Structures are given as C-alpha cells and as structure tokens.
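Here is the structure we will look at, set down as structure tokens.
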Amino acid sequence: MGEISLNELEARADAAGIDLLQIDLDSIQLPPGDDFGIISDDEDVYQEEQMDFDYGLGNTIVVDNLPVVPKEKFDKLEGVVRKIYSQIGVIKEDGLWMPVDHDTHKTLGYCFIEYNTPQEAELAKEKTNGYKLDRAHIFAVNMIEDFNRFMKVPDEWAPPEIRPYVPGENLQNWLTDEKARDQFVIRAGSDTEVFWNDARHLKPDPVYKRAYWTESFVQWSPLGTYLATVHRQGAAVWGGASTFNRLMRYAHPQVKLIDFSPGEKYLVTYSSHEPSNPRDANRVVINIFDVRTGKAMRDFKGSADEFAIGGTGGVAGVSWPVFKWGGGKDDKYFAKIGKNMISVYETESFSLVDKKSLKAESVVDFSWSPTDPILAFFVPELGGGNQPARVSLIQIPSKEELRQKNLFSVSDCKLYWQSNGDYLAVKVDRYTKTKKSTYTGFELFRIKERDIPIEVLELDNKNDKIIAFAWEPKGHRFAVIHGDSPRPDVSFYSMRSTHNTGRVSKLTTLKGKQANALFWSPSGRYIILAGLKGFNGQLEFYNVDELETMATAEHFTATDIEWDPTGRYVATSVTSVHHEMENGFNIWSFNGKLLYRILKDHFFQFLWRPRPPSFLSPEKEEEIAKNLKKYSKKYEAEDQDVSLLLSEQDREKRRMLKDEWEKWVSEWKRLHEEEKLLRQMLRDGEASDEEEEYEAKEVEVEELLDVSEEVLFEFGQE
C-alpha cells in the first residue's frame, strides 16, 4: 500500500460515513512493523535522534551533579568547570554548554563538553567521574553516546549469554623452543620481520613478516612478552611465538616515544605538539597506561621546558625517559627530575609518595637501584663552591638518607649501578688547582655492606680521559677505557681482592686498543672491546676470566652491537641511519667466530627478544654448572647430528655442481660431434681432430696498404 495524504484520508472517511473526530486513535493497534503508509511524527523525531547519537558525538561528555546557580553566578561556575576540563584536553570553541531553566533562570545541574578528539573525551570521563567538587557535589560523567545504549536497555531482564571459554595463546610459548633458540626482530625498508636465530644451521629462520607494521620503530618489552609498535593514533602491543596477534591499543595521537616499566605492567607514551605562538615551548603530553587493560592510569602535561631536566636523550629538548622506574620488577615507584626536586610517585594511586616531592636544590641527575627502591642523586656545588657537591642515597618510601658523600672541586658526575644493585660507581670529574683542566676518579659504593662503605679509585695516570665504563652483569668486575684516541688503554678491576680485604684491585691493563665502547656478555666473563664509527668496526673478543684475547675481527662501519639474552651470540649491525652502504647484520659466536651475514638495504633496527629471569633457584643453577658435562652430552650429540647434516648438505651441493658440470661437458661433446663434417670442410677434407697430426708453420705475409708522396722545401728555401 502506498503512502496517502491527510486530505485523502479525510475524503475516504467521508465517503464511508466515518467521523474521524469520534475515533479513539490510541485504541487502534497496527500489526508489528507495519505503518500502512502513515509515517509517525514521533518516528521522524526518533530517526533524527538516532542520527544525532550515531554521528559526531563520540567526543562529547555530559557532566552531571553540578551546582544549581542563579544567573549572576553562571560565569563563575562555567569558569571552574572549564578550568577543570581544559587540563585534560582541548575544548572546542563554544564546546561548553550549560543549560538554564527558562522559568527560574538557574542552571539545571549538568553541562555538555565537546573535545577535539574522542580520546580526550574518554580520558576526561575516566579522570573526573566521581570528582568531588565540594561535599554536596560529586561529578557523574558519561559519554553522550552512552545514552543511546541506556535507551536500548530492555524492559525485562534477560540472563547474559554464557560464552564458552576460549584460551588465548601462551605469550611465553616461544621460550619452550626445543632448540633453545632466541628470537630477534629487524626493520628494513617498509618490512618488519621476526626470526629465530638458527646458529647451528648458520642462518635465520623466519617466524613472522609484516609490511608497514609500524610507522617509526618497534620495541620489545623488558621481559620479552610484547612487541610494541608506534602509529599516528597511538601505540599497540603484539604477542605470541609465531602469530603475533594484536593484544591491546593505547590511544595517544602523534605519539613519538614509548617506554615500558621493568615488570611490563605499565607503558609510558610521549608526544610533543607545536605551540600556536612560536615563542612558546612545545606542549608535551605523557600518558601512563596499564599494559593489559589499556586503561590510562595517569597523564602529565606541560611545556617541554618542564621535562627537559636530566636524562640522556630525547626529542624537542625533552630528556628521555622522562620517568625512571625503581623498586625492581614490582613496578612500585617511578620518578622524574624537576627544578630543585625529584618527584617520586607510587603506582598504587599514581600520586606523589607522602603527597610531596623530594627537595634537592639544583639536582641535575638521579638513578634508581636496578633491584631495590633506593634512589641515588647528584647535586653540584652551590654558593660559588662554599657548599660542596654531593651524592646521596635515599630509601623509598621512607625517604631516609642511607648515605651521603660530599665532593669538592667537581666539574661533573655520572652514576653507574651494577645490575644486581650490589655496587654504585660514581665517575667524578674534578678541577685541578688552577681550574684550567680536569682529572677523573671514581667513588665506589658497596651498597649491600654495613654502613655502605665508599672507596676512592684513581687511575695510574689520573689525567687520562675516561672514554667508557661498564660493570660486569651480575658480577664484581668492571672495565674502563681510558687515555687518548686512537689507541687508548683498557683496564679491568675487581671489587674483590685476592686477600678479601674489601678493597678494589686492578686485574690488568691492555695497552693501545682500537676501542671506544664496551659490551659485556649478559652472563659476564666475556666482553667485546669495540671500535665503532670512527674506528671502523674493530672487534676484540676478550675472556676476562683467563685475561686473554679469544679473537679479533672487523665489521666495517658497524654502528650497533648487541648480545643475545643468553650470552651465546652477538649481533653487529650497520644501519642506514648512519651509513647507506653495507647495511645489514652479522651474527657471531661468543668467542668471535662469524656464523652468518645478512645484507639488507635501508636497514633500520636489530633487536634481540629479551628473556625473563630464570625460574631456577640459585642452588639449582649452581648444581647445573657443576654437572655441565652431563647435561652437555645431549647437546653435543645434537651438534654432531647437525654437523653431519651440514656436511651431507655440503656433499649434496658439491654433487649437484659436479653433475651440472658433467652435463655441460656431455652437451659440448654432442655439439662437437654434430659439427664434425663442417670442420672437415674447413680443413680441406682432413677428417682428424687430433692436433698432433698437424704441422704448425709460421708464415710472414707483407701487404702494401697505401703509398703517398710529399715534397718538402729544401733547407733555407722560402
């Protein structure tokens, strides 16, 4: 049936003798879903409302339980609300609307706020729902889109559908590889690839490949559970042994940098935005997310100048990471440095410890113990040298000062923690008496010993420039590169002496090494003395237990070196960030044997997948070390099988090359035979192809090519 107008309906009613005014229209029941061509005005309104709900309102929130105020207090209330919500995001022009009762001219107790992005609206809802303005007004905040969901709530309750449990992939499954291999990720061109390091077969074994997986870089989480990617809309984490499904997304537009907490519970994201006034500093936004749920736990906003103190590197003048995590793998505390203070936060409430920052006048650097909630910081000399520089150790959360060391005539300080938190080395650059030059020494803190004793170490030549310093992981030794380039010296020291006197002792000094960087194996004992960049990739693999060089090698123009997490293999790489030629990576054994080499154009990144700490007790690890020969028999047998397989593969390759050669020779002989008659004709009927039946003669042939004659003037004749 087609649609009819109201006039047609009245005409039909008159023809049928029906008085429409006498009909109770509410008593008329139409079949469900059928309007007989009569469109309801209410339906029009409902459709318009549906369109309003479905389009363009994802960035709008409703704030309820506001004070009801008269017209004269309207501006004040609006200013308070705007101040609260503009701290979270950018409110659109005319984006704050507070309805007013037309009769009383008072506000109705709620308002609408429209942000630039849905992410800002979601964050505002999370941050301010339950916000206590005063004793009588606690905000109730909802997305305006939620009202559409509320309107669809059925009149009668129905039990929710119970879905069967579907177990997800075990994110640690990659650790159970039967060959005990490690994974690594590379970025080259537009592709990101994950491989197994199949060192036995001298090649990488592909796991997963994806084009345009990230827009800038990738990053493993500290325990290797997740691989993070960065996009214009925010960051994402992926996991698995081979599938790498996306596990969670974190909304942060224009994110530039990311950082995980040591225990992988939290993800910190950073973005910097150009100011509208060129004279102003960039506006920085930092969010901290719960990795598993994706919930934004806390955000920090301000100018780049507020986040530019301390740290070692970053973008737009901001030091990165802005927040440093402490307290070991529990992720209990994080801190940032500010002007004359260090702000320490606890993750239970994401608020300041004791609701106040730690005062430290002119503090320039701080560092957490890798295993304990102990914070070390450095304060330079103040008052023109009247107040000495100092290094302090602070226990968190009590903020008790465990140890302090005053330092005089200080130019600069660097803090180096040993990975177990047993020792802290403070490299101190001091002015000479004339103030025209500096010299370097070390203050060595024994953190785990009673009263934290401090020992001073000076090099044999205290005027030597310190080029690099590195602790042995989980050990008591450290290495120092010192002296003048291009051939400085490398010295090794131990915090344990031969007579257990508790004094640092020098183990050896290697003279004249082409090295400017130190790379200890994660398991200690072995170290690579590397000459990167200007030293053209010189590598020396050194055994510190035996104090001997295992191998020397070169990876020309190498820019990066990274040990695998087990300390069995080393990757050296040349990235296109620094060089356009010879891009790619080499894989070496711990003792300096080159296993395989992969060349990749436009090579950007190489990262080993970290491993979590072993679940074995120290006693079990010690027992395995003592009985290593028993355990190694299995792997020696496997190595022998692989060696035989590789030998067989080599033999097969040589056999194929031989067959190919014999096939070519056979084909050549066949063609030679087919052309025998032609050769006989060319040799004046001689049928033999044997060279000894011919007599070789040398014949000289002279041929006159041209004759020309030219008359020259006689001497003295013009």
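The values are calculated or read from the model by the stated rules, or taken from the named source; none is laboratory data. The shown structure was predicted, so the numbers you read here are calculated from the model rather than taken from an experiment. As a convention, Cβ positions derive from the backbone with ideal geometry for all residues, glycine included, and neighbour counts pool all protein chains shown. Just the protein is used for accessible areas: all its heavy atoms, side chains included, with ligands, DNA and RNA removed. Shrake-Rupley method; radii C 1.70, N 1.55, O 1.52, S 1.80 Å.
Can you compute 3J(HN,Hα) from phi for each residue in the stretch 453-464, using the Karplus curve 6.51 cos²θ - 1.76 cosθ + 1.60 with θ = phi - 60°, rounded to whole Hz and x for Gly and Pro?
Calculated HN-Hα couplings, in order: x, 10, 10, 9, 10, 10, 5, 4, 10, 5, 7, 4 Hz.
Top to bottom by accessible area (1.4 Å), largest first, where do Trp157, Trp563 land? If you can, show how the numbers build up before the last one.
Details: Trp157 200, Trp563 25 Å².
In descending accessible area the options line up as Trp157, Trp563.
Among 342-348, 435-441, 639-645, 332-338, how do they line up by average Cβ neighbours within 10 Å per residue, starting with the highest?
Working: 342-348: 18.0, 435-441: 14.0, 639-645: 11.7, 332-338: 22.1.
Result, highest mean first: 332-338, 342-348, 435-441, 639-645.
Tell me, what is the percent relative contact order of the stretch 60-152, built from C-alpha pairs under 8 Å that lie six or more residues apart?
Values: 139 pairs, mean separation 36.2, N = 93.
The value is 39 percent.
Once ligands and nucleic acids are excluded and a 1.4 Å probe is used, how much of Met681 is accessible, expressed in Å² to the nearest 10?
Surface accessible to solvent at Met681 totals approximately 150 Å².
So for the chain, taking the charge dipole from beta-carbon charges (+1 Lys/Arg, -1 Asp/Glu), which of Thr432, Ser576, Ile138 sits furthest toward the positive end?
Thr432
Within the stretch 60-152, what is the number of lysine pairs with alpha carbons under 22 Å apart, leaving out pairs fewer than eight places apart on the same chain?
Within the stretch 60-152, the lysine pair count is 17.
Just how much of Trp97 is accessible, in Å², when a 1.4 Å probe is used and the result is rounded to the nearest 10?
Spelled out: Trp97, probe radius 1.4 Å, area about 150 Å².
So, with +1 on the Cβ of K and R and -1 on the Cβ of D and E, and no other charges, what is the size of the charge dipole of the chain about its Cα centre, to the nearest 20 debye? Present the calculation step by step, with values, prior to reporting the outcome.
Values: 90 positive and 122 negative charges, 1342 e Å.
Roughly 6440 debye for the chain.
Please compute the Kirkwood hydrodynamic radius of the stretch 516-558 from all pairs of different C-alpha atoms, in Å with one decimal. Write down the numbers at each step before the final one.
Values: mean 1/r = 0.0956 Å⁻¹.
By the Kirkwood definition, the hydrodynamic radius is 10.5 Å.
Hey, for a label at Ser523 modelled as a point 7 Å past Cα toward Cβ, could you say which residues of the stretch 159-180 have their backbone N under 15 Å away?
Hits in the stretch 159-180 for Ser523 at 15 Å: 180.
In terms of the ratio Rg/(2.2 N^0.38 Å) built on C-alpha atoms, what value belongs to the stretch 150-307? Could the numbers behind the result be given before it?
Working: Rg = 20.1 Å, N = 158, 2.2 N^0.38 = 15.1 Å.
After normalising by residue count via 2.2 N^0.38 Å, the value is 1.34.
In a Debye calculation with equal point scatterers on the alpha-carbon sites of the stretch 60-152 and no solvent, what is log10 I(q)/I(0) at q = 0.13, 0.14, 0.15, 0.19 Å⁻¹?
With one equal scatterer per Cα and no solvent, log10 I(q)/I(0) is -0.42, -0.49, -0.56, -0.89.
Listed highest first by mean packing, meaning other Cβ atoms within 10 Å per residue, what order do 650-662, 414-426, 244-256 come in? Write down the numbers at each step before the final one.
On the way: 650-662: 10.0, 414-426: 19.2, 244-256: 17.7.
Going from most to least packed, we get 414-426, 244-256, 650-662.
If you line up the Cα atoms of the chain on their principal axes, what length do they span on each, largest first, in Å?
136, 95, 92
Hey, what number do you get for the chain at 222 nm if only DSSP H runs of n ≥ 4 count, each worth -39500 (n - 2.57), divided across all residues, to the nearest 500? It would help to have the intermediate numbers written out before the result.
Working: 8 runs with 117 residues, N = 718.
Per the formula, -5500 deg cm²/dmol.
Please list, or write none, the lysines whose alpha carbon is within less than 29 Å of the alpha carbon of Lys658, excluding same-chain residues fewer than 8 places away.
Excluding near neighbours in sequence, the set is Lys203, Lys669, Lys676.
Name the GluC sites (Glu not before Pro) in the stretch 481-570 that are in a loop by DSSP and that have at most 13 other C-beta atoms within 10 Å, would you?
Values: sites: Glu540, Glu546, Glu548, Glu554, Glu562; in loops: Glu546.
The qualifying sites are Glu546.
Compute, for the stretch 127-204, the length of the dipole vector about the Cα centre, with Cβ point charges of +1 (Lys, Arg) and -1 (Asp, Glu) only. Units Debye, rounded to 20.
320
Would you pull out the residues with amide H under 5 Å of Asn536's amide H, same chain only if 5 or more places away, H placed 1.01 Å from N?
Thr557
Once Lys and Arg get +1 and Asp and Glu get -1 on their Cβ, which of Val237, Met297, Leu123 lies farthest toward the positive end of the dipole of the chain?
Selected residue: Met297.
Treat every Asp and Glu Cβ in the stretch 60-152 as -1 and every Lys and Arg Cβ as +1, leave all other atoms uncharged, and give the resulting dipole magnitude about the Cα centre to the nearest 20 debye.
Computed about the Cα centre, the dipole is about 300 debye.
Based on alpha-carbon centroids, what's the gap between the stretch 612-635 and the stretch 428-442 in Å, whole number please?
47
What is the extension gain from Lys633 to Arg654, computed as 0.36 nm multiplied by their sequence separation minus the C-alpha to C-alpha distance, in nm to one decimal? Don't skip to the end; give the middle numbers.
Values: separation 21, 0.36 × 21 = 7.56 nm, distance 3.11 nm.
Difference between extended and current length: 4.4 nm.
In whole angstrom, how far apart do the alpha carbon centroids of the stretch 87-150 and the stretch 227-271 sit?
30
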